[in-house]
Amino acid sequence: MRNICTSIVAMFVLAGTVHAQPVQWTVAEGGNGHWYEYNPTPTDWHSARSYASQQGGDLASISSVEENVFIHNLVPHAAWIGGTDEVQEGDWHWSNGDTWDYTNWGNGEPNNNDPTYGEDYTYIVGYDHPNGTDFWYDGSVWTDDIAFVIEWDHDPSIKQWRIEEGGNGHWYEGVSAPDGISWLEANEAANASGGYLATLTSAEEDQFV
């Protein structure tokens, strides 16, 4: 469960700006309430995980048939998820620490098919993949042409300036207002959400926001 947002930032964005949007697997539809985002940028597993961490999440873990279907529906071809056995060959685990109690490997997988470096990282194949859909495969440290899926256990639009990073522990949300909004309207919206417009009391906080 995420903490209550204590600060809200009203941000203005250009109409027509396009970027990937996280999607929530809601409890109402049988999900876990987590948020997921398919990022189409081709990269290697470690770079994908590093980016996910910078965004406050991790590569997706999958613990059920239903979650596998949900994530598969986000992926058009192939995407890294958080499974890895890089520490001990054959000992697979999720990078975010979730229990490894469900798998959906493709036929003959994982096969560790790189004779030099092995294949220690998991990706899920999407609906147009030639090897079928929704199965998992293991990839090498040199595989750098696969997209990835990020998972958050909280709404990723709300970000915490963490104390261990020199912050104040408060939470901030950038709110899109493509048609413009007055200060009074922004203030009312912030108060209605249980927060207030951001107060920037240092150069560090200004940089974070």
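A few comments on the model shown:
- The sole residue among 89, 109, 119 that is assigned to a loop (DSSP other than H, G, I, E, B), surrounded by 18 or more Cβ atoms within 10 Å (Cβ to Cβ), over 20 Å from the mean Cα position of the chain (by Cα) and among the acidic types (Asp, Glu) is 119.
- Test result for residue 172, of a type in the set (Phe, Trp, Tyr), closer than 30 Å to residue 65 by Cβ and in contact (Cβ under 8 Å) with a residue 24 or more places away in the chain: no
- Test set (1) at pLDDT below 95; (2) in a loop (DSSP other than H, G, I, E, B) - residue 159 fails condition number: (2)
- Only one of the numbered conditions (1) farther than 20 Å from residue 151 by Cβ; (2) open to solvent by 60 Å² or more (accessible area, probe 1.4 Å); (3) out of contact with any strand residue (DSSP E or B) (no Cβ under 8 Å at 6 or more places or on another chain) is not met by residue 114, and that is (2).
- In region 92-106, of all residues being among the polar types (S, T, N, Q) and closer than 19 Å to residue 52 by Cα, the one that is most open to solvent (accessible area, probe 1.4 Å) corresponds to 96.
- Test: residue 134 is surrounded by 18 or more Cβ atoms within 10 Å (Cβ to Cβ) and outside any loop (DSSP other than H, G, I, E, B): no
- Scope region 189-207; condition without any contact (Cβ under 8 Å) to a residue 60 or more places away in the chain and part of a loop (DSSP other than H, G, I, E, B); matching residues: 200, 201, 202
- Screening residue 79 against (1) of a type outside the set (Val, Ile, Thr); (2) in contact (Cβ under 8 Å) with a residue 60 or more places away in the chain; (3) surrounded by fewer than 20 Cβ atoms within 10 Å (Cβ to Cβ) leaves a single unmet condition, (3).
- Qualifying positions in region 34-75 - without any contact (Cβ under 8 Å) to a residue 60 or more places away in the chain and either open to solvent by less than 20 Å² (accessible area, probe 1.4 Å) or part of a strand (DSSP E or B) (or both): 67
- Restricted to region 140-169, and to residues there that are in contact (Cβ under 8 Å) with a residue 24 or more places away in the chain, touching a helix residue (DSSP H, G or I) at 6+ places or on another chain (Cβ under 7 Å) and small (Gly, Ala, Ser), the residue that is least open to solvent (accessible area, probe 1.4 Å) is 167.
- Take the conditions (1) more than 25 Å from residue 49 (Cα to Cα); (2) of a type outside the set (Ser, Thr, Tyr); (3) open to solvent by less than 20 Å² (accessible area, probe 1.4 Å); residue 200 misses just one of them, which is (3).
The values are calculated or read from the model by the stated rules, or taken from the named source; none is laboratory data. Since the model is a prediction, treat every value here as computed from it, not as a measurement. Note: ideal-geometry Cβ built from the backbone for every residue, glycine included; neighbour counts use all protein chains shown. These area figures cover heavy atoms from the full protein model, side chains too; ligands, DNA and RNA do not enter into them. Shrake-Rupley method; radii C 1.70, N 1.55, O 1.52, S 1.80 Å.
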